[in-house]
1. Name the most mobile residue of Ile181, Ile129, Ile244, meaning the one with the largest mean-square fluctuation, in a Gaussian network model of the chain with Cα contacts below 10 Å.
2. Give Lys139/Lys211; Lys98/Lys211; Lys17/Lys139 a once-over and call out the pairs whose C-alpha atoms are over 28 Å from each other.
3. Which ³J(HN,Hα) values, rounded to whole Hz and listed in residue order, are derived for the range 211-222 from phi using the Karplus coefficients 6.51, -1.76 and 1.60 in 6.51 cos²θ - 1.76 cosθ + 1.60 with θ = phi - 60°, glycine and proline given as x?
4. Calculate the length of the line joining the C-alpha centroid of the range 1-57 to that of the range 149-219, in whole Å.
5. Going by alpha carbons, how many degrees (0 to 90, nearest 10) lie between the helix axis of 10-21 and the longest principal axis of the chain?
6. Could you work out the relative contact order of the chain, using alpha carbon pairs under 8 angstrom and six or more residues apart, expressed as a whole percent?
7. Could you give me the ³J(HN,Hα) list for the range 63-75, computed from phi with Karplus coefficients 6.51, -1.76, 1.60 and θ = phi - 60°, whole Hz, x at Gly and Pro?
8. Out of Leu113, Leu27, Leu43, any idea which swings most in a Gaussian network model of the chain, alpha carbons joined below 10 Å?
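Computed from the coordinates by the stated procedures, all read-outs in this text should not be read as laboratory data. Predicted model, so just to flag it, every value in this text is computed and none were measured. We place every Cβ from the backbone using ideal geometry, glycine too, and count neighbours over all the protein chains shown.
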Amino acid sequence: MKITIIGAGNVATQLAKRFYEKQCKILQVFNRTLENAQTLASLVNSEAIYNPKEINLNADFYIIAVNDDVIEHTAKQLSLILPKDKIIVHTSGATSSKVLQSCFENYGVFYPLQTFSKSQNADFDRLPICIHGSNDVTKNQLLTLAQTICPNVHFIDDEQRSTLHVAAVFANNFTNHLFAISERIATDANIPFDLLKPLINETVAKINENKPLLMQTGPAKRGDIKTLDRHLEYLKQYPTYHQIYALLSKDIQAFYSSKKDSFR
C-alpha cells in the first residue's frame, strides 16, 4: 500500500510510523511547514513536501491528519491536484466526513481513538480505529488499510463518531485536567503528586473489568456532608476549583440517588 500523510503533528506521526513498521510505503509527508514534514519523513523513509503542486498522484490513500478547523480547506487544496476518485480520509473524531464530499467521490474517516504525542509510541495492538466510507468500495479499502496496523477496527458513522468524541472528551481531556488540578492542589501544599499516582492507576485499572458506575466511591457517593463542606471551605482559595468540586459532587449525588437501573 502506498500512503501520503497530510500533516506532521501527533496523529500524523504515530500513524506514519505504524504504517511504516507494517511495511506500507509512505510515499510523501505533506505539511505547510517543510521542517516538520522533513522531521517526520526522515522517520519513515519518505519524501517531505510543502507545496501542494508537488503531491504525488500515485498513492492509494491520502490521510488528512491536521487540525479540525483546516480539514475542509486542506481537502479543497488537494482537490485541485488529485483525481476525484482517489481515496481521501481525515482522522478527526469531531468532524463529519461530509466536509470531503464536495471534493472527492471516495472519502471517509480513519479515526484512531487514542490520545497521541510524538514521543510516546501508541499501542496500535490495543487501541480502536473507527472507520467510515462514502461507499462500499471505500469502506472495504479502509477496512483493509486499518487491519494492516490494528486488529481492533470498527465501522462508526458520522453521528456515532460525533457522540463517541464527546464521550472521549469526558474520559480523557476532562479527567486529565482534573489530574492537573489535583497536582496543583497537592504541590501548593508541598505534597508530592506521586503519592496520588497509585490511586489514579487503581481507579483506571478497575474499569477494565467493571462498569464505572459500580466503582464510584468518595464523600459525594456516600453522602458525607461534613466532609464535602470541609473540602468546599478549603477550596475557597481556588474559586474555579470550588465550582468544579461543587458541581461534580452535586451531579454524583443526583446520579446515584436516582438509581439508574439501566446502567446495571
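1. Its mean-square fluctuation being the largest, the pick is Ile244.
2. Check vs 28 Å cut-off fails for Lys139/Lys211; Lys98/Lys211.
3. Karplus values, whole Hz, x for Gly and Pro: 6, x, 3, 7, 9, 5, 9, x, x, 5, 5, 7.
4. What the calculation gives is 31 Å, centre to centre.
5. It works out to around 60 degrees.
6. Reported relative contact order: 12 percent.
7. 10, 8, 10, 10, 4, 3, 5, 10, 4, 5, 4, 4, 4
8. Leu43
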